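In what follows, a structure is listed as structure tokens, so that the remarks can point back to it.
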Amino acid sequence: MVAAVGVPIVNGESATAEATVSGKSPVINSITFSGDGVSGTDVSLNPHPGTTSVTITAVVYCENGHNAVAGVTANILPVIVGYSGSIAMDKGTPDQQAHTCPYTTTIDIPSNTAKGGYNVTVTATHNSGTVDPGTGSETLTVLATVAIADLAAVEFGTIEPGESSAAKTVRVTNLGNVDITIGVAPGALSHGGDTISAGCIATTWILATTIAAGNEYADVPVTLTVPLGTPDGAYTGVITFTPAEA
Amino acid sequence: MRKEEIVILLIGLMMVLSCSTVQAVGVSPPSFTISDTVEGGEYESSIMVYNTADAEGDYKLSATGAGSEWITFYRAEYPETPVNKIHIKGHSKERVLLKIKVADDAPTMEYRPTIFVTTSPPEATGGGGAVAQPVLQMPVSATILVTGTRH
């Protein structure tokens, strides 16, 4: 009796069978991003001094099964401060049926990271040194965050009618990741029904002046001139600061 | 430490504390574009509003310019309740959902409304002199392209 494979079978004895399974390169099925400020492949950064956590998840498929994948790393270019070179990714729970496994790593992006595209390349290496690794990439886009902070109210103090206050300053700090300009718009000051018009608050601030990203600041000078004939009293109002990406 | 040194230290500490940041606000992104819209169509976008001050604060939401009347604001976690103001705890953030309903008779053109996120100034506590409170007004530039192209 001859078996279908042409191996003669002798009753009571067994035959040796051999086969070699080829190693197959892992495949990066998908790369996704998640986190508080993430929307799709975009991320909005928390202002200074915070960082923004982004979790990178790569789903890796290998025809030889998930245990054939020796390791998975991520590389980000241009470099995000603190994350140069290969970043090891942690293995998650495999899907045995689909022969896939998720790998994750979380990066904390500094608040002054420039806006723009950051290419994330994921590499999965096979246990066998003779099998090529699998790679995939996705772009994470860091959006602009325009953020400012300022100190407390400007107290011009007590001023004689017809006189001007000493020059006061409002410190405006850039907490975002883009350079900004600041528009300064004083409003009128009022005390009951009496008003000191907005034009009485002067500033020498130049609109085109840029405040650099990364917690840089500028002092905006303001001076109040009280017209003759202004009734006495404690006058209050606002000065509006409007930043814009430079 | 001598008594005089302690007094000087306390005065210095009080001066530092009195200069603490009162208001801080951030938005991301500062601009966005919605392309290829049609008359009567409904679209969504979102911005993140940050309060990086220590204290909680109220932030007014408004829009100006052509197309601004199409925009309604919502807190992202309550997308059915329109708002014109949001309250954010100190050192926290809130995602604001923008729903844009293009007018049924909107001419085909580009619209550039500006959205503003504005801080509410704290109550003036001037010591009898003239006081000006800073108000921070963050603009978000929107571009809405009405092309009338239906896909």
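Of note:
- In the set A:213, A:152, only one residue is within 20 Å of residue B:137 (Cβ to Cβ), surrounded by 14 or more Cβ atoms within 10 Å (Cβ to Cβ), within 42 Å of the chain's Cα centre (by Cα) and more than 11 Å from chain B (Cβ to nearest Cβ); that residue is A:213.
- Test for residue A:124: is it more than 23 Å from the chain's Cα centre (by Cα), modelled with pLDDT under 95 and among the small types (Gly, Ala, Ser): no
- Residue satisfying condition, being out of contact with any Asp or Glu (no Cβ under 6 Å at 6 or more places or on another chain) and either within 14 Å of chain B (Cβ to nearest Cβ) or closer than 21 Å to residue A:123 by Cα (or both), within set A:35, A:12: A:35
- Check on residue A:202, closer than 16 Å to residue A:155 by Cα and open to solvent by 50 Å² or more (accessible area, probe 1.4 Å): yes
- Set side by side, the residues B:108, B:119, B:114 differ, and just one is modelled with pLDDT under 95 and more than 22 Å from residue A:37 (Cα to Cα), which is B:108.
- For region A:17-32, taking the residues that are open to solvent by 60 Å² or more (accessible area, probe 1.4 Å) and at pLDDT below 95, the one that is nearest to the other protein chains (Cβ to nearest Cβ) is identified as A:24.
- Residue selection: residue A:134 satisfies the criterion of being away from every other protein chain (no Cβ under 13 Å) and open to solvent by less than 70 Å² (accessible area, probe 1.4 Å).
- Residue in region B:28-40 that is free of Cβ contacts under 8 Å to residues at least 24 places away in the same chain, open to solvent by 10 Å² or more (accessible area, probe 1.4 Å), within 14 Å of another protein chain (Cβ to nearest Cβ) and not small (Gly, Ala, Ser) present: no
- Checking each residue in region A:137-149 for being small (Gly, Ala, Ser) and within 14 Å of chain B (Cβ to nearest Cβ) picks out A:144, A:147, A:149.
- Contact annotation: residue pairs with Cβ atoms under 8 Å, 6 or more positions apart or on different chains, pairing a residue in region A:139-156 that is among the charged types (D, E, K, R) with a partner that is assigned to a loop (DSSP other than H, G, I, E, B), are A:150/B:21; A:150/B:22; A:155/B:126; A:155/B:127; A:155/B:129.
The values are calculated or read from the model by the stated rules, or taken from the named source; none is laboratory data. Nothing here was measured: the structure is a model prediction, and the numbers come from that model. Cβ: placed from backbone, ideal geometry, glycine included. Neighbour counts: every protein chain shown. Only protein heavy atoms, including side chains, enter the accessible area calculation; ligands, DNA and RNA are left aside. Shrake-Rupley method; radii C 1.70, N 1.55, O 1.52, S 1.80 Å.
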